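The values are calculated or read from the model by the stated rules, or taken from the named source; none is laboratory data. Here the structure is a predicted model, which means the values were calculated and not measured. Counting neighbours? That spans all protein chains shown, and the Cβs are built from the backbone with ideal geometry, glycine included. Side chains included, ligands, DNA and RNA excluded: accessible areas come from the protein's heavy atoms. Shrake-Rupley method; radii C 1.70, N 1.55, O 1.52, S 1.80 Å.
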2 protein chains.
Amino acid sequence: MTFAQRLDRIRGLTEARLGSLVGAKTERREGHDRPPQRLLDAVGHATLGGGKRFRPFLVVESAALFGLPEREALDTAAAIECVHCYSLAHDDLPAMDNDAVRRGLPTVWKAFDEWTAILAGDALLTVAFETLSKPEVHPRPEVRLELISGLARAAGMAGMVGGQALDLEAERLPRTAPTTLEEILHLQSLKTGALIRFACEAGAILGQAEPEARAALHRYGKELGLAFQIADDLLDAEGDAATVGKAVSKDAAAGKATLVSLMGRDAARTELKRVEQAAVDALRLFGARAATLIEAAHFVASRNR
Amino acid sequence: MTFAQRLDRIRGLTEARLGSLVGAKTERREGHDRPPQRLLDAVGHATLGGGKRFRPFLVVESAALFGLPEREALDTAAAIECVHCYSLAHDDLPAMDNDAVRRGLPTVWKAFDEWTAILAGDALLTVAFETLSKPEVHPRPEVRLELISGLARAAGMAGMVGGQALDLEAERLPRTAPTTLEEILHLQSLKTGALIRFACEAGAILGQAEPEARAALHRYGKELGLAFQIADDLLDAEGDAATVGKAVSKDAAAGKATLVSLMGRDAARTELKRVEQAAVDALRLFGARAATLIEAAHFVASRNR
């Protein structure tokens, strides 16, 4: 199976699992346990029918290093994707990034309205933790608790939400805007890095990996997240909206410092190569078993949408 | 100790626990794990220095039925209060209930801005689950997972968030507005009832109660939540803003059907008495040990703010 086929396979499996988690099969829910239909529709719009499902892919592939079959990693993968989708639903709001298009479709607030998008995001974040509490995720309660704790830290104030707060502060309260490379790297390490790192570590948690293997996946996730961000900044600076599937040149228009604006495009491309190699090097411990994750690093560094 | 002293004591203990959970002692956080200061300030504003802490009180007192000391119920109590506070921060947003004042103070979006209030709410919901994952909550992993699962269900699409969605639909999309008493009762059972019920059940989960005792606390929580809502509707219809500490007559102004508008004030007061008694009856199993929870039912039914 090629890398693209593998990515596509896990995308399909994740899509199906998300469908059952967020109630696509609503005809089965009846009586007082039935969520309001319009909210379910908005949650479905926020979650289903789009996205590369790259974080779920990282969970499934890192778990595979420890011999876990796909099906035993999919609930965890879907829970992390729920957190990613909730963050998009909230970040797209007019009061936040004010984006009307995402993956070529109207964003949740545009397709419904602002209050529905806020509540759909809240619901999805809650679904993520509910999912991880279930025995299907892993037979050992300690493993489920470690996943919950890790996801909460990756998604919270010292993780994704903290990074989004720093990013909006940079845009709205320019006095506090990060201006050095170190500050930008910190912001990105929280905003997009934390969840990608955790997706890689989640496989090690599910696989009850030794500390050395877990640390290796943490390092891989860290470099991969950075590569992802540099590639994203390059796309924003160079891509066109039709290919990328969302608005571009937003950073420059907002006058925001990015890795690319601080380093220049050429240096950013060189740094991207270095980080890509560092991600690959972090996997040395796993030998040939890590072939798919190595391809993932190349994929991230060369993506064009 | 009188009921008022008891309530005040648990309020103080909860306040202190919340302070350490949401990083009031920020000088201790350093380096890359330090959340952005402005976000921490907003989370603190959303969480600290106000509120009766009634849900934490219910957790601590229901846990006490099973011999648990206060300190062993406080983390769970604080986690549930985090969810309550997040819901207020989001519900007050201009796109939602558009409230500028809460507990006599500016709401989070008014004191900061909309995006900060959205992110502070997101952060608080995440903190709640992170807190419940920690060993300090309860030594048995299974108990912590049951708390996480129960809180997620109470807070989610078929609970609090679902209720808020129904309530806003009633206001904004009048075709779908609930018009019968049964529909209103369902809406309120989700919007405010689910978290109050869970606060009562959480004590039984922490106390590893037998099914009969747990079911009794569920029934108590259900009646208490309903009493809480009828009293709230009566306050909205009859109170004045200075005493209540927030805007009143909002339901009538919005043309929304409430328990009071459907039943009339006199019948609502009679129903409140009936529900108050049903809450007390649910506690029969516990005998004299339930004295404080019985007083809590009277407190809820007679509150004036």
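How many Cβ atoms of partner chains, on average, are near each residue of A:186-192 if near means within 10 Å of its Cβ? Intermediate results must be reported in sequence, preceding the final value.
Details: counts 3, 1, 0, 1, 4, 0, 0.
Average neighbour count from other chains, rounded to a whole number: 1.
Compute the label-point distances linking A:GLY50 to its equivalents in the other copies; points lie 7 Å from Cα along Cα→Cβ; give nm, one decimal, shortest first.
Reported distances to equivalent positions: 3.6 nm.
Which of the DSSP-defined H helices in chain B satisfy a minimum axial length of 20 Å, computed from C-alpha atoms, and a minimum mean Kyte-Doolittle hydropathy of -0.5? Walk me through the intermediate numbers first.
Working: long enough: B:3-21 (27 Å, -0.25); B:74-91 (25 Å, 0.49); B:114-132 (28 Å, 1.05); B:141-155 (21 Å, 0.45); B:211-238 (40 Å, -0.26); B:265-282 (25 Å, -0.80).
Helices meeting the span and hydropathy rule in chain B are B:3-21, B:74-91, B:114-132, B:141-155, B:211-238.
Among B:73-81, A:98-106, B:210-218, what's the highest-first ranking by average C-beta atoms within 10 angstrom per residue? Let's see the in-between values first.
On the way: B:73-81: 26.9, A:98-106: 14.8, B:210-218: 16.4.
Answer by packing, highest mean first, reads B:73-81, B:210-218, A:98-106.
When Cβ neighbours within 10 Å are restricted to other protein chains, what is their mean count per residue of peptide B:132-138?
Details: counts 6, 13, 3, 3, 0, 1, 0.
Mean inter-chain Cβ contacts per residue within 10 Å come to 4.
Label position 7 Å from Cα toward Cβ: report the copy-to-copy distances for B:GLN208 in nm, one decimal, ordered from shortest.
From this label point to the equivalent ones elsewhere in the assembly: 2.2 nm.
With an 8 Å Cα cut-off and a minimum separation of 6 or more residues, compute the relative contact order for region A:3-302 in percent. Before the final figure, lay out each step's value.
Details: 425 pairs, mean separation 53.3, N = 300.
Result for region A:3-302 is 18 percent.
Of all accessible surface on the protein assembly as shown at a 1.4 Å probe, what whole percent is carbon and sulfur? Kindly include the intermediate steps, with their values, before the conclusion.
On the way: 12290 of 24150 Å².
Roughly 51 percent of what the probe reaches on the protein assembly as shown is carbon or sulfur.
222 nm [θ] for the protein assembly as shown, helices only, -39500 (n - 2.57) per DSSP H run of 4+, per residue, to 500?
Calculated from helices alone, the mean residue ellipticity at 222 nm is -21000 deg cm²/dmol.
Let me know the whole percent of all Cα-Cα pairs from the protein assembly as shown that are separated by more than 40 Å. Don't skip to the end; give the middle numbers.
On the way: 48137 of 185745 pairs.
Pairs farther apart than 40 Å: 26 percent.
On a C-alpha basis, how far is the centre of region B:33-56 from the centre of region B:91-110 in Å? Whole number, if you could?
One Cα centre to the other: 15 Å.
Quantify how strongly other chains surround peptide B:169-177 by giving the mean number of their Cβ atoms within 10 Å of each of its Cβ atoms. Mind dumping the intermediate values first?
Numbers: counts 6, 0, 1, 3, 3, 0, 0, 3, 0.
Whole-number average of other-chain Cβ neighbours for B:169-177 is 2.
For chain A, what is the accessible area per residue in Å² when the probe is 1.4 Å? Walk me through the numbers on the way to the answer.
Values: 12080 Å² over 305 residues.
Here the residues of chain A average 40 Å² of exposed surface.
Return a single number: how many Lys pairs in region B:3-302, at a sequence separation of 8 or more or on separate chains, have alpha-carbon atoms below 18 angstrom apart.
On the way: B:LYS52/B:LYS246; B:LYS110/B:LYS246; B:LYS191/B:LYS222; B:LYS191/B:LYS250; B:LYS191/B:LYS256; B:LYS222/B:LYS273; B:LYS246/B:LYS256.
Step by step, the pairs that qualify in region B:3-302 add up to 7.
Could you tell me the total accessible area buried at the A-B interface, probe 1.4 Å, in square angstrom to the nearest hundred?
Values: alone 14290 and 14260 Å², together 24150 Å².
For chain A against chain B, roughly 4400 Å² becomes buried.
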